[in-house]
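The values are calculated or read from the model by the stated rules, or taken from the named source; none is laboratory data. Source: prediction; values computed, not measured. Positions of Cβ are generated from backbone atoms using ideal geometry, with glycine treated the same way; all protein chains shown enter the neighbour counts. Just so you know, the surface numbers come from the protein's heavy atoms only, side chains and all, with ligands and any DNA or RNA stripped out. Shrake-Rupley method; radii C 1.70, N 1.55, O 1.52, S 1.80 Å.
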Amino acid sequence: MSPYLSAEPLAPAVSTYLANVAPYLESDPAVLPDSLDPFTVTAATGFMPLHPPLIQPPAAFDPVASLVENMPVQRLDGTPGLLATYQLGRAIDDGALPNLTLEIAKLTAPDGKLDLAKVTAIFRDYSFLSSAYLLEPCYERWDKGLEGYGLGRQVLPACLAGPLVKTAAILEIPPFMAYAAAYSLYNYRVEDPAIGLDKYSNLRTIRAFQLGLDPLSSEAGFILTHVDMVKHSAGLVGGSAQLLDAVRVEDKGNVLEAFALLLDTMQVIEQSMETMWSNSKPKDYLGYRTFIFGITNQSMFPNGVIYEGENGGKPMFVRGESGANDSMIPLLDGLLQVPMPANPLTETLKDFRSYRPKPHREFLAGVRQQADAIGVREYCCKDVDVAVCYLKLLDHVRSFRWRHWMFAREYIIKRSEHPTATGGSPIIRWLPNQLFAVMDLMSAVWEGINEAERQKADRSVTGMMACALDQRQKLQKEVTRWCQERAQ
Ligand code: HEM
Ligand SMILES: N[C@@H](CC(=O)c1ccccc1NC=O)C(=O)O
């Protein structure tokens, strides 16, 4: 019978549903206005900003731009900035910055709405200044080789707190340095517009804390490697939408095509991730890292931070920025329906969701909801060809998280006793919580395939599974050892 004659209305196609949560998915970013959130998700830009990040805020904010340019340990021209001699806090306390909160409402785009690109650039600059202000005393201790971070400044003055809270409220994100809207994804520019994002060597940072305005520094490398990875995220966004559509109508050909796109994209993303080791040296990490800690679960802010003039005078607790706020791996967790154990570590994983840009949050929630509604995992496990693709994509999630565990070990754990990561998660136990979950799902899916079918699968799949199982044991041993040594 024609669907048009059916008495039951048809459930909307997935793409229609995703169009509800990501209305500009198919739009050309070039024609989208700056009154949209710069992190609006499109099939062309994925999780990157719609347009290149705005470098300079409008003239009314010149005092902010000038202070943030003078702030880093090393300025763009190579000379020492305020943080080199721990003078930023004093400059702000002495009135270097007027309170520009009321200027924010004047930031309109040609369509008469608020210009969210400008609002984001201003949020970025205020969040750099605010984190530098709050954590400068900790950096001073670190720089002088003293043990522990001590205390940060416990009060954020109104000239920083007002604009930070106001811009964050407009963007509907927490009022603190963010991974996407500040330090990483809204913090790049290109040296030669003709080359654009195509070559890593063409990337530059806009703002930095320590030496990061020098493109060859480890801080720049740290930031820009994220940009270089996320620039490929369009393949994950498009591939996810394609997979949901195809699974919904049980179109195996399209399912396999969607997996091919997702697998190819992850391959490129992981290749780029590997360049972190040369772009950014582990020995340099702890310096600029001092400035990216948050308030929640950090010894530097045992009683939170008072934002002067905000929150009824009560202290604020906000997590620090973290790659955990990136959207690529959480997208795949949702799409592939990776079950996370019910425990406090997983609660932290869920808490990180609210730190993503609003359009990313909505897109991820939509994909998660649709994957659950159509049963992506169950569908994929019914057919061995599809199950193998599903396993291969899970294996990318595993290898991303494993590589990432190596980063945590070499850049942080071996060099610092501080028990919590910048986002406030326990440094030793949190990353393995999610890594174990992926490895366990891989085992369950593999064991669900009967012996005869498994024999038919190509050798590389058997090898992939053996490697994942072996790695699980190694990880378990390593985590147990670190927990014993650090009493965690
Ligand atoms: C030197 C490089 C890196 C180090 C030392 C590092 C460290 C960490 C740490 C310690 C966490 C724990 C979360 C918290 O802050 O509380 C984390 C989470 C995370 N980071 Fe990174 N990271 C690095 C590079 C990257 C890169 C390049 C990406 C790519 C986008 C990334 C994506 C993530 C993700 C997705 C999570 C959440 C992990 C999960 O869900 O299991 N990280 N990172
Ligand atoms: N959580 C990490 C920092 C981190 O995750 C991060 C911070 C800023 C920008 C990107 C990040 N990416 C890595 O996960 C740490 O504790 O050092």
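When Arg481, Arg398 are compared by accessible area at a 1.4 angstrom probe, the order from most to least is Arg481, Arg398.
For the chain, the solvent-accessible area with a 1.4 angstrom probe is 41 square angstrom per residue. With a threshold of 29 Å on the Cα-Cα distance, the over-threshold entries among Lys252/Lys456; Lys144/Lys477; Lys283/Lys392; Lys118/Lys392; Lys350/Lys474; Lys144/Lys350 are Lys144/Lys477; Lys283/Lys392; Lys118/Lys392; Lys144/Lys350.
I'd like the distance separating the alpha-carbon centroids of the stretch 11-52 and the stretch 416-481, in whole Å. Answer, in whole Å: 33. Hey, what angle do you get for helix 358-374 against the long axis of the chain, alpha-carbon based, 0 to 90 degrees rounded to 10? Rounded to the nearest ten degrees, it is 20.
In the stretch 59-486, the portion of solvent-accessible area held by carbon and sulfur atoms comes to 53 percent [1.4 Å probe, whole percent, DNA, RNA and ligands not counted].
Solvent-accessible area of Ser27, all protein chains in place: 40 Å² (probe radius 1.4 Å, heavy atoms, ligands and nucleic acids excluded). From helices alone, the chain scores -15500 deg cm²/dmol at 222 nm; the rule is -39500 (n - 2.57) for each run of n ≥ 4 DSSP H residues, then divide by the residue total. Can you work out D for the chain in µm² s⁻¹ from Stokes-Einstein, where Rh is the Kirkwood radius over C-alpha pairs, the temperature is 4 °C and the viscosity is 1.567 mPa s? Here the translational diffusion coefficient equals 55 µm²/s.
Of Arg356, Arg204, the residue with the largest accessible area leads and the full order is Arg204, Arg356 (1.4 Å probe). Helix 116-143 sits at what angle to the longest principal axis of the chain, using alpha carbons and giving 0 to 90 degrees rounded to 10? That works out to roughly 70 degrees. Largest first, the residues Trp277, Trp402 sort by 1.4 Å accessible area into Trp277, Trp402.
Mind checking which aspartates and glutamates have their Cα closer than 20 Å to the Cα of Lys382? Skip sequence neighbours fewer than 8 apart in that chain. Here the aspartates and glutamates satisfying the reach criterion relative to Lys382 are Asp245, Glu250, Asp251, Glu257, Asp333, Asp372, Asp395, Asp440, Glu447, Glu451, Glu453, Asp458. Charges were assigned to the Cβ only: +1 to each Lys and Arg, -1 to each Asp and Glu. The resulting dipole of the stretch 59-486 about its Cα centre is roughly 720 debye. For the chain, the share of DSSP beta bridges that are antiparallel, to the nearest 5, is 80%.
The mean of 1/r over all pairs of different alpha-carbon atoms in the stretch 111-222, once inverted, gives a Kirkwood hydrodynamic radius of 15.6 Å.
In summary, the lysines within cross-link reach of Lys113, defined as a Cα separation below 17 angstrom excluding same-chain residues under 8 places away, comprise Lys166.
Of interest is the spacing of the C-alpha centroids, which for the stretch 92-125 and the stretch 309-363 amounts to 26 Å. Taking all protein chains together and rolling a 1.4 Å probe, Cys159 ends up with roughly 20 Å² accessible.
For a straight C-alpha distance cut-off of 22 angstrom, the lysines reachable from Lys199 (same-chain residues fewer than eight places away being disregarded) are Lys231, Lys281.
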